[in-house]
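The values are calculated or read from the model by the stated rules, or taken from the named source; none is laboratory data. These numbers were taken from a predicted model, which means no experiment stands behind them. Here the Cβ is made from the backbone with ideal geometry for all residues, glycine too, and neighbour counts use every protein chain on show. These accessible areas exclude ligands, DNA and RNA; they are computed on the full protein's heavy atoms, side chains included. Shrake-Rupley method; radii C 1.70, N 1.55, O 1.52, S 1.80 Å.
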Amino acid sequence: MRLVLPYILQPAVSLLRLCPRRHAACKFGSTASAEGPEGLFSVAGNVRPDWKLQDQFRLSIAKHSRQTSIKDAELDKAAESFHEMGFTNNQIIQLFKIQPVSSAPTLQQRLAIVSELLLLNLSVDKTLKVLKGSPDVLKVMTKTLKDRVEHLRRLGLGEGNLQKVISQCPTILTLPRKSVDATVRLLKMRCLFSAQQVTEILFTTPNILHEVHQDLEFKFQYAYFRMGIKQQEAVKSRLFRNTITEIKNRHIFLERLGKYQTPDKKGQTLICNPKFKHVFGVSEDIFLTKIAHASAEEYQVFKMLLAREEAEEEDNTEGTSGDEETASDYEESDEEEEDNAEGTSGDEETDSDYDDSDDETPERVEP
Amino acid sequence: MALALLLWLRRPRVGPLRTFRRFLYKKKWATTLPRIPCTKLALRNFDMNYSLQFGDRWPSIRIGLLSEQKYCALINNFAQTEKVIQELELLNAKDFIYESRQRSLALELVIAAGSSPKDERSGCLDVQDEELRPDVPIDGDGARAEHTQTVLLQSSFNYPRIKCYTFSKGDISRFSPARLDSMGRLSHYLMDAASLLPVLALDVQPGDEVLDLCAAPGGKTLALLQMERCRHLTANDLSTSRTGRLHRVIQSYVPRELCAPGSLRITCCDGRDWAEEESTYDKVLVDVPCTTDRHSLLEEENNIFHKMRTKERQSLPMLQLELLIAGLLAAKPTGDVVYSTCSLSQLQNEYVVERAVEVLAVEYGVNVRIEDLSFFRGLFQDTFYFFDGCRVGELVLPHLTANFGPMYFCKLRRIT
Ligand SMILES: C[S@@+](CC[C@H](N)C(=O)[O-])C[C@H]1O[C@@H](n2cnc3c(N)ncnc32)[C@H](O)[C@@H]1O
């Protein structure tokens, strides 16, 4: 839908400049103040005078940006360009309302970023969503944005996947390449994920790019050493979607119920463990009814108890292993294995546990 | 007799001999013996036995056992405790015995207002005694009404003078440690609230001669003393060091005049030999040594699942049986015995009780009746999780939201 915006009722517009928004809305009897201009434009078409539309545009421009005076002509031109890109009036208003933290992108900048996003094959809707989810993207220089996107492509996020990731985690576009690289390096070098696995992690859980590296690494180490989760399983189970607290809660809950056992060196357990994706990839409800077979009350109390246990363990600088029942204990297990399962020490032994015959060995962090 | 006991022990109906296939594993002959922590051995043992015994309920019990247990604060009636009680009530702790009494009183009033008090009397603690008390005349309707009245009064008065605070289900708050009052007595004693149930089940009446056969470190002895109902209390334990602890506990809680030889005697001998002092006591508490399930899962030290103690552990049911027999023989005819353990094991609970009844009848010509304590479940349902699958006696199951127990208790009455 394209609208021609004739310069009519110029005086009204200039009058408006002096009017506070609410007053204007009231005076002109529009629904602008109701935060829902849909009503207005669904019936608008060309019937209503267009000064109202321009008025809407101007008013919707985020406060911060409004301070720099924008000429009417400029505003009209921008609106027209957005129309050409496929935006409806309503969407233009929504777009103008998006405002990055402590910064006022010019109209040109808005236009540039939007067209860059549209060039990525994002729909107008998705583009709006991305900018709403991460207004700071409007601050990024187009060249930088191109670079970042290109970089994500090189990390293996191909057509389709790239768009999904950006939609799911729009803030990814605000991350400098360096920071993305650092996370990727951590996953590859310290957690020994393959390049392909890293791509899949980025695809399924792009949010990890925002995580503090120490936390991310600890999460992996907990899953790897304490639970015996291998890299591939970590990827498939969406492990990284959970916070470390959630991981511990679910794991230790199951372990104490007798429904999870850390596999021994040969990957054997005395009981049949649930699939990791059924532990970590489901809602709490499903987890309780389908996997743990326990009541919500029990789980609530357990979470409180565990939090207290952990806090007290932290206080206790001795670091005595608190979990009395790590399960990978077989008759044939030797002392090193016992230690390993307890999560106490024994770097030398545990390193050899890696499938990947990589020289790079991660350091253990004591839980 | 010993032979009969041995024969019985040879054929356990449920036990470590029956295992699921998935629990079987190859033994590897290593040069160095694996040092597996006792707590893990215990867990393995429990997984095998209790998953059979409790089926689907085992996981929930298991996680209870492996998580922090709950305590209660037994208020020391002999100390100045107003402040402590105030604090406890501020923390929202509740005197669970008082609460259950209020509930059951309300229930009784409803019953009294109704027509047939006899059918529904199972709500009150003194039902069992009521049946046998000869001095209650029951003739005609007027007497019946009067009788109901008496039941009401008695049941309210017969609740022992024990104040015991617990946090309600789901509340994981902890109690602060006991404090000394101006007289140098401690304000409260922290213990598993379920440990009070055997003491309550004993239902000591004023003037009773009482024996606590395995008393140390003295939680239950202390509760017995708080009631101030025993004419005389004998507290015994085999272990000298633990008897020392018992002494210290009593000294820090109970006024000296109540510990005079005329009212309290602490002895240190093998409870199995008590049979020599027969038919003396109105009430006997037999709180036997057991696999102490919770302790065995948490503490390496002094763990009964240590490989070196296998024999000792295997002969526990035998020791328990002998102690219960001694306790029953020490009771007067019409006297009551409460047997208790802090284990979930059938082998140490129901089987010991049933076997003791058998042995007493066959070998001593003494008739013993197992008393019904199922009304305890209703009485204390707000505080504990009870198991409903015991053939005889009652069992409190650990549960995350009410993490007391395990505590098994069974009341036996000597008929002859
Ligand atoms: C479960 S504990 C008793 C706890 C105590 N009733 C309380 O509430 O604090 C069992 C006690 O039985 C004692 N014991 C073991 N064998 C015994 C025996 N043959 N005769 C008497 N006491 C024995 C142990 O020393 C131990 O203190």
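One table, with the values for the structure above:
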{"quantity": "Segments classed as helices (runs of 4 or more DSSP H), wholly inside the range A:105-211, with at least 2 members that are more than 25 Å from residue A:242 (Cβ to Cβ)", "calculated": "A:107-119, A:124-133, A:142-154, A:177-185"}
{"quantity": "Criterion (within 14 Å of the ligand (Cβ to nearest atom), over 17 Å from the mean Cα position of the chain (by Cα) and of a type in the set (Lys, Arg)) met by exactly one of B:294, B:313, B:369", "calculated": "B:313"}
{"quantity": "Members of the range B:240-265 found to be open to solvent by less than 40 Å² (accessible area, probe 1.4 Å) and within 25 Å of residue B:333 (Cα to Cα), listed by number", "calculated": "B:263, B:264"}
{"quantity": "Neighbours by Cβ (under 9 Å, 6+ apart or cross-chain): first from the range A:212-227, in contact (Cβ under 8 Å) with a residue 24 or more places away in the chain; second aromatic (Phe, Trp, Tyr) and surrounded by fewer than 19 Cβ atoms within 10 Å (Cβ to Cβ)", "calculated": "A:224/A:354"}
{"quantity": "Verdict on residue B:413 being open to solvent by 30 Å² or more (accessible area, probe 1.4 Å) and touching an Asp or Glu at 6+ places or on another chain (Cβ under 6 Å)", "calculated": "no"}
{"quantity": "Unique residue being within 7 Å of the ligand (Cβ to nearest atom), open to solvent by 10 Å² or more (accessible area, probe 1.4 Å), farther than 30 Å from residue B:380 by Cα and free of Cβ contacts under 8 Å to residues at least 40 places away in the same chain when the list is B:237, B:270", "calculated": "B:270"}
{"quantity": "Any pair with Cβ under 9 angstrom, 6 or more apart, that starts in the range A:266-286 at a residue that is over 16 Å from residue A:223 (Cβ atoms) and more than 14 Å from every other protein chain (Cβ to nearest Cβ) and ends at one that is open to solvent by 90 Å² or more (accessible area, probe 1.4 Å) and not aromatic (Phe, Trp, Tyr)", "calculated": "A:282/A:290"}
{"quantity": "Residue match in the range B:298-310 (condition: more than 14 Å from chain A (Cβ to nearest Cβ), away from the ligand (no atom under 16 Å from the Cβ) and buried (at least 24 other Cβ atoms within 10 Å of the Cβ))", "calculated": "no"}
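Each row is one residue, and each column tells you yes or no for (1) at pLDDT below 95; (2) open to solvent by less than 30 Å² (accessible area, probe 1.4 Å); (3) over 23 Å from the mean Cα position of the chain (by Cα).
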site	(1), (2), (3)
B:21	yes, no, yes
B:27	yes, no, yes
B:30	yes, no, yes
B:57	no, no, no
B:61	no, yes, no
B:64	no, yes, no
